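Here is the structure we will look at, set down as structure tokens.
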Amino acid sequence: MLRAEGIVKTYRGPSAPIPVLAGVDFSVEAGEFTVIAGPSGSGKSTLLNVLGLLEDADGGTVWFRDVAVTALSRSDKGRHRGRFVGFVFQAFLLLPSLTALDNVLLAGRYVGAARAEGRRRASALLEQFGMGERGAHYPRELSGGEQQRVAFCRAIFNDPPLILADEPTGNLDDDNGALILKALRARAQAGGTVVVVTHRTDVMAGADAVYALENGRLRRW
Amino acid sequence: MVTLLPRLRGYLFTVIGIAVGVAGLVALGAMSERIVRFIEGGDRFVLGQISVAGRGMGMGTGFTAGGLLPAATLRAVAGVPGVDGVQAQVMLPLNPTTSQFMTLTQELVLGMDLSVPSPNRHYRTLPIRSGRFLRDGDRRVAVVGASFAASHGVDAGSRLALEGQDYEVVGVLERMLTAPDRFVIVPIADAREQWVAKDPMLRTLLASGGVALTASDLNTGAAVGWRNDEDPDAVALRIRERVPGVNVQIPSELSRLLRSSTAFFAALTMGISALGLVIGGLSLANTVAAAVFERIRDFGVKRALGATDLQLGREVLGEALGVTLSGGIAGIVIALGLGLGIDAWASRSGQQLFFFSARLLAGALGFSLLLGAASATYATLRVVRLSPAEAIRRGG
């Protein structure tokens, strides 16, 4: 489903380059819930960004369903993200000027989703995650847990086969964290591919595979 | 409405920023337009007629400055081939004190022979704002320019004292933004009386009986027309050659002189316009670009959700145009409010500082939209060059 080979990424530092990923190989199949763990600054988020085409690697290739997606044009990478990848971020990244409902709908805007059908689907998703009454609220009117639920609805709005989650419970209390984890696991059980990066050990419980990122290399636990 | 309000609130400062830039552009442009109208108005007038005055010095002023122009000379001018219509005129300073002379705000009395149609091709009639224009046979009536009316507080139906005589103001001209705004136009017979009353030397001369002058000889100048197939400069030169004792102003030469004497104002106009474009344009471009850069994180999120460069560009451009249009309209309203307010105050002394022409308003709006689009495009190109992850990181 998703495969990466020889991923290399180095950031420019103030005095010297900072190597982050030093030839990472990784693969995950459909229906798997995979966790990539590691301390802060180990490059987990960078790896996730490279896997989701949010950031280009300096070397290496990412395949999605046997297509080398890292070789796609910038526009095709955008289309790939819209159709096949759902992102969940630690900071939620909801647009402050949009309501919860419109934030969810935003995911459909760039893949040509029908508006009326989209509204029905977005409302149903919010309802499913206990946010049915909060669709008209703006992010600033929602708690962190509520915002992450909206962000999760947005991530799965297009029913993408791949979910990439970057510290999805990092800013949440235990109850909301558990709710989001449960939703991610359910997504994998339903056949989706879920990759979560985290430094929290509770997230690793029940994962199909756990990797540790250390010194720029990935090691399976 | 519920979703629109917060979005507008998000753009409020951008709209205000653009409005300030456009207001500056429009206000400076309106001042420039005012000066242009003044120069163009004078140019249009002198190119519409051949102005003839008597040779030498005299009481006449403005475009009829020169010596006495007797009736016999006027008849001789009328007989020159190519001439079509000669209107005797008397032009005098309303207030012949040195402090009034030689200023751009000098108020003038213009006496017109109303038995002859106006030979000026560009001003067959003068536009009337209220009341009526003078008619042949009128006496002791006046039509005043808009600035004169404002500064003297008169309107159609008001009374006016000129050289001790009581006049009824029968009409007020529309504001023309040029010389006639400060004119008091009266029948030529009344102007001749005023001339005699103003000028002790002329009174002494007439009382002495030493020269054979009748009332119809008391003209400071004449407006001369030309036939349709004639070149006005050629007709003017012909008058100069064939009629002795006259000063003839060649229309194109006078236009050139007028333009060279107003070169300072033309340069000032260009300077003001350039300043308006630079100040207003920079302010607007900076505001639009800053508004795009401020939303860099949002754009990163949208690209993560699948927005292509084209989709994002279209979206940003559409929003930038909407915001620029709103800011542009608000800026025009601000400039109009300020300009009209200042002009209301300035009109008490007969002045108008701004002229908001349709071409200025449309031009300012078009310029704003173009600049807004260009700035948004530039900022968007800078933003899309970043990876979505980098855009999200930079947006904090």
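Could you tell me whether A:Arg149 is among the basic types (Lys, Arg), within 26 Å of A:Phe33 (Cβ to Cβ), buried (at least 19 other Cβ atoms within 10 Å of the Cβ) and away from chain B (no Cβ under 14 Å)? Here the answer is yes, as A:Arg149 does meet what is asked.
Restricting region B:191-228 to residues that are within 28 Å of B:Asp155 (Cα to Cα) and charged (D, E, K, R) leaves a set whose member that is surrounded by the fewest Cβ atoms within 10 Å (Cβ to Cβ) is B:Lys198. The sole residue among B:Ala212, B:Ala161, B:Ala222, B:Ala189 that is touching a residue at least 24 places away in the same chain (Cβ under 8 Å), of a type outside the set (Phe, Trp, Tyr) and not in a helix (DSSP H, G or I) is B:Ala222.
Would you check if A:Tyr138 is of a type in the set (Ser, Thr, Tyr), within 13 Å of chain B (Cβ to nearest Cβ) and in contact with a Pro (Cβ under 7 Å, 6 or more places away or on another chain)? In short, yes.
Comparison of B:Gly341, B:Gly318, B:Gly300 shows that the only residue that is within 14 Å of chain A (Cβ to nearest Cβ) and surrounded by fewer than 17 Cβ atoms within 10 Å (Cβ to Cβ) is B:Gly318. The residues of region B:346-375 that are closer than 20 Å to B:Val172 by Cβ and assigned to a helix (DSSP H, G or I), listed by number, are B:Ala346, B:Ser347, B:Arg348, B:Ser349. Being more than 14 Å from B:Thr269 (Cβ to Cβ) and in a helix (DSSP H, G or I) holds for only one residue in B:Ile18, B:Ile39, and it is B:Ile18.
Tell me yes or no: at least one residue of region B:355-371 is under 14 Å from B:Phe299 (Cβ atoms), more than 13 Å from chain A (Cβ to nearest Cβ), surrounded by 14 or more Cβ atoms within 10 Å (Cβ to Cβ) and touching a residue at least 12 places away in the same chain (Cβ under 8 Å). No: region B:355-371 contains no residue that is under 14 Å from B:Phe299 (Cβ atoms), more than 13 Å from chain A (Cβ to nearest Cβ), surrounded by 14 or more Cβ atoms within 10 Å (Cβ to Cβ) and touching a residue at least 12 places away in the same chain (Cβ under 8 Å). Looking at region B:148-182, which of the residues that are under 17 Å from B:Gly350 (Cβ atoms) and of a type in the set (S, T, N, Q) is farthest from the chain's Cα centre (by Cα)? Per the criteria, the residue is B:Ser158. Among the residues making up region B:171-190, those that are β-branched (Val, Ile, Thr) and surrounded by 20 or more Cβ atoms within 10 Å (Cβ to Cβ) are B:Val172, B:Val184, B:Ile185, B:Val186, B:Ile188. In this structure, is B:Gly271 under 30 Å from B:Tyr378 (Cα atoms) and at pLDDT below 80? Judged against the criteria, B:Gly271 is not a match. Highlighted here are the helices (runs of 4 or more DSSP H) found entirely within region A:121-221 that include at least 2 residues which are polar (S, T, N, Q): A:144-156, A:174-189.
The condition of being surrounded by 13 or more Cβ atoms within 10 Å (Cβ to Cβ) and either at pLDDT 90 or above or closer than 30 Å to A:Gly6 by Cβ (or both) holds for only one of A:Arg154, A:Arg120, that being A:Arg154.
Considering each residue of region A:50-74, count those that are within 11 Å of chain B (Cβ to nearest Cβ) and under 15 Å from A:Gly23 (Cβ atoms), and give that number.
Of the residues in region A:50-74, 2 are within 11 Å of chain B (Cβ to nearest Cβ) and under 15 Å from A:Gly23 (Cβ atoms).
The values are calculated or read from the model by the stated rules, or taken from the named source; none is laboratory data. Remember, predicted model here, so these are calculated numbers, not experimental data. With ideal geometry, Cβ positions are generated from the backbone for all residues, glycine too; neighbour counts draw on all protein chains shown.
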